[in-house]
Amino acid sequence: MFCLVVGSARLTQSVLMDLLAAQCIPIIIADTVVLPFNSHLDWHRTSLYIPEENIKNLLRIVHSVSNERRGELYWQLRWVYERYFASIEKITLTTLEIINEKVFPLAARMYEDWNMPEHLYGPVNPLFLPVTAPKSPGFTAVILTYDRVDSLFTLIRKLVRTPSLAKILVVWNNQRKAPPPSSEWPVINKPLKVIRTRENKLSNRFYPYDEIETECQLTIDDDIIMLTPDELEFGFDVWREFPDRIVGFPSRLHVWDNATASWKYHSEWTNQISMVLTGAAFHHKIWSWYYTHKMPAEIRDWVDEIFNCEDIAMNFLVANVTRKPPIKVTPRKKFKCPECTAAEALSADARHMAQRSACVHRFATAYGRMALSSVEFRADPLQYREPPAGAPHLYPAPVPLEPGPQLSPSARKAHYPASLKPGPRLLSGGRSARYPTSLEPGPQLPAPQRQARSCPLLKTRPILASAAQTGPQLPPPEGSSSSQRCVGPARNYRRSSPARFRRVLR
């Protein structure tokens, strides 16, 4: 499993090549040795380095290496040997490539390309962008169309109202019909270019066209006319926050079907998403290059054969490289094609959902794993947020009153009306003299003259009957005494008159 490489004058590199061919992990004990292609190959990923002065601890160091570390060294060693040293031809090509990078530095490959095989470490994210991408270059809208000219023109008129739009690129996918003449196209203030394709394929929308000069690319169908310029501008701002992901409006989800033991395409509206359809999505233009040149050819051929699933393939590609889910932007209206009939809409085919489920399962098999990852996240613009129920409404502020002129103290006295001037202050004796006679208290009656009487019919409190508060006395009814009358101020109701008592009860 481990083999020693001790420093010598001439035999170090030849011994090393023999160990690589025998798939034995080298233990290099040579402080001054120069290993082959050491300017580009990281030999610490393939071998163990032990200083010459520490050779007495060789056994302890070897036994301390974990099984996981030994597996990494072994598989890295096999890949390096098969890639760079398996034959004289590969050694020569590696040498020429290093010389070419010295002469043309712009063509140099990165450290990951030289030392990190994709089947061991996975793909490396090729984007090294700032946290927030700049807004000034804008984005290029790539519209894939066939023959829906009216819908295409409507979409172009709406796109040009987006402030960050830099250019419109129309991919004409109809080889049997020429695009309309330039005189019939809308007059707009943004550059517009029409590209005629040689073959009707859905993959044409992801071809890395030289006309795409901006980093951000908006891939959109010709029937997506319900998006407003504000929604597109907000989607571009969200992409600037996540430049290595797909940012779009319609979203989908992948689920595992236990009945068929396969992955299934799920199109219902849920909180989780794992795919963003490229019928209206922002992404970096490098993913178009990856789709054309880096994605497995069997996936691209399958998409062109069934004329479906190109958006699922793009989601698999980006998720496999970045290990990140897409970002959904909430649209104001649900996606639909109001001008399309069921016969011409692709999604109206009865086999559409079955094909897309088959695509998800087939792509997962091609990548060797399920590259998609689900997330519960979406970006909602605040301008569409509705106020909560019961929230107070804002009313217009009242118009402020203009202050009048300020008067001096002497002028204020002159402006007082005569009726508002204060009168003379009176002493205590003078105040009592000014009391009106109607407010003077009357004479107090002695206690024996007060006579408490109660009304047994109304069940009220005893009424004080006196000469000052009793009204005119009515004669008692026949057969009754004077003690059976209810005496009150200005009211005397007899016991034998129920109708009169109803007036009191009311």
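The values are calculated or read from the model by the stated rules, or taken from the named source; none is laboratory data. These figures come from a predicted structure and were not determined experimentally. FYI the Cβ positions are ideal-geometry reconstructions off the backbone, even for glycines, and counts take in every protein chain you see. Please note that ligands, DNA and RNA were not included when accessible areas were found on the heavy atoms of the full protein model with its side chains. Shrake-Rupley method; radii C 1.70, N 1.55, O 1.52, S 1.80 Å.
Considering each residue of segment 46-88, count those that are polar (S, T, N, Q) and part of a helix (DSSP H, G or I), and give that number. Explain how you work it out, then say what you get.
Step one: filter segment 46-88 for residues polar (S, T, N, Q), giving 46-47, 54, 57, 64, 66-67, 76, 87.
Among the residues that remain, those that are also part of a helix (DSSP H, G or I) are: 54, 57, 67, 76.
Adding up the residues that qualify gives 4.
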Please find, among F206, F242, F249, F236, the residue that is under 16 Å from P326 (Cβ atoms) and over 21 Å from the mean Cα position of the chain (by Cα). F206
Among the residues in segment 277-288, are any hydroxyl-bearing (S, T, Y), loosely packed, with under 14 Cβ neighbours inside 10 Å and within 21 Å of M353 (Cα to Cα)? no
Exactly one condition in (1) open to solvent by less than 60 Å² (accessible area, probe 1.4 Å); (2) farther than 13 Å from V80 by Cβ; (3) more than 51 Å from the chain's Cα centre (by Cα) is false for T32; which is it? (1)
Could you give every pair whose Cβ atoms fall below 7 Å, whose first residue belongs to segment 1-29 and is among the polar types (S, T, N, Q), and whose second residue is at pLDDT below 85 and surrounded by fewer than 19 Cβ atoms within 10 Å (Cβ to Cβ), counting only separations of at least 6 or pairs across chains? T12/A30; T12/V33
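Applying the selection to segment 288-320, what residues are not in a helix (DSSP H, G or I) and not aliphatic (A, V, I, L, M)? Working first, answer last.
Initially, segment 288-320 is screened for residues not in a helix (DSSP H, G or I), giving 294-296, 307-309.
Result: K294, P296, F307, N308, C309.
Got a number for residues in segment 302-314 being open to solvent by 10 Å² or more (accessible area, probe 1.4 Å) and either touching a residue at least 12 places away in the same chain (Cβ under 8 Å) or more than 17 Å from H361 (Cβ to Cβ) (or both)?
Let us first name the residues in segment 302-314 that are open to solvent by 10 Å² or more (accessible area, probe 1.4 Å), namely 302, 304-307, 310-311.
Next, only the ones that are either touching a residue at least 12 places away in the same chain (Cβ under 8 Å) or more than 17 Å from H361 (Cβ to Cβ) (or both) stay: 302, 304, 306-307, 310-311.
Selection size over segment 302-314: 6.
Regarding T270, is this residue within 30 Å of A358 (Cβ to Cβ) and outside any loop (DSSP other than H, G, I, E, B)?
Details: within 30 Å of A358 (Cβ to Cβ): yes; outside any loop (DSSP other than H, G, I, E, B): no.
The answer is no for T270.
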Can you give me the number of residues within segment 198-216 that are more than 16 Å from G138 (Cβ to Cβ) and surrounded by 15 or more Cβ atoms within 10 Å (Cβ to Cβ)? 9
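Going by the conditions given, is S183 open to solvent by 70 Å² or more (accessible area, probe 1.4 Å), out of contact with any helix residue (DSSP H, G or I) (no Cβ under 9 Å at 6 or more places or on another chain) and not in a loop (DSSP other than H, G, I, E, B)?
Taking the combined requirement at face value, the residue satisfies it.
Kindly establish whether H283 is under 19 Å from F139 (Cα atoms) and in contact (Cβ under 8 Å) with a residue 12 or more places away in the chain.
Numbers: under 19 Å from F139 (Cα atoms): yes; in contact (Cβ under 8 Å) with a residue 12 or more places away in the chain: yes.
So H283 passes the test.
Here is a check on your reading of the model: is V65 at pLDDT below 85, open to solvent by less than 90 Å² (accessible area, probe 1.4 Å) and either of a type in the set (A, V, I, L, M) or touching a Phe, Trp or Tyr at 6+ places or on another chain (Cβ under 6 Å) (or both)?
Values: at pLDDT below 85: no; open to solvent by less than 90 Å² (accessible area, probe 1.4 Å): yes; either of a type in the set (A, V, I, L, M) or touching a Phe, Trp or Tyr at 6+ places or on another chain (Cβ under 6 Å) (or both): yes.
Criteria not met by V65.
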Let me confirm something: among R157, R176, R198, which residue is in a helix (DSSP H, G or I), among the basic types (K, R), without any contact (Cβ under 8 Å) to a residue 60 or more places away in the chain and over 21 Å from V329 (Cα atoms)? R157
Give all pairs with beta carbons closer than 7 Å in which a residue from segment 237-266 that is closer than 30 Å to S136 by Cα and open to solvent by less than 40 Å² (accessible area, probe 1.4 Å) meets a residue that is among the β-branched types (V, I, T) and not in a strand (DSSP E or B); count only pairs at least 6 apart in sequence or on separate chains. D244/T322; I246/V318; V247/V238; G248/T278
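Quick one: which of T94, T46 is at pLDDT 90 or above, β-branched (V, I, T), closer than 22 Å to A22 by Cβ and over 40 Å from the mean Cα position of the chain (by Cα)?
Selected residue: T94, the only one of T94, T46 that is at pLDDT 90 or above, β-branched (V, I, T), closer than 22 Å to A22 by Cβ and over 40 Å from the mean Cα position of the chain (by Cα).
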What are the pairs, 6+ residues apart or on separate chains, where a residue within segment 201-214 that is more than 14 Å from D301 (Cβ to Cβ) has its Cβ under 6 Å from a residue that is of a type in the set (K, R) and at pLDDT 90 or above? E211/K193; I212/K285
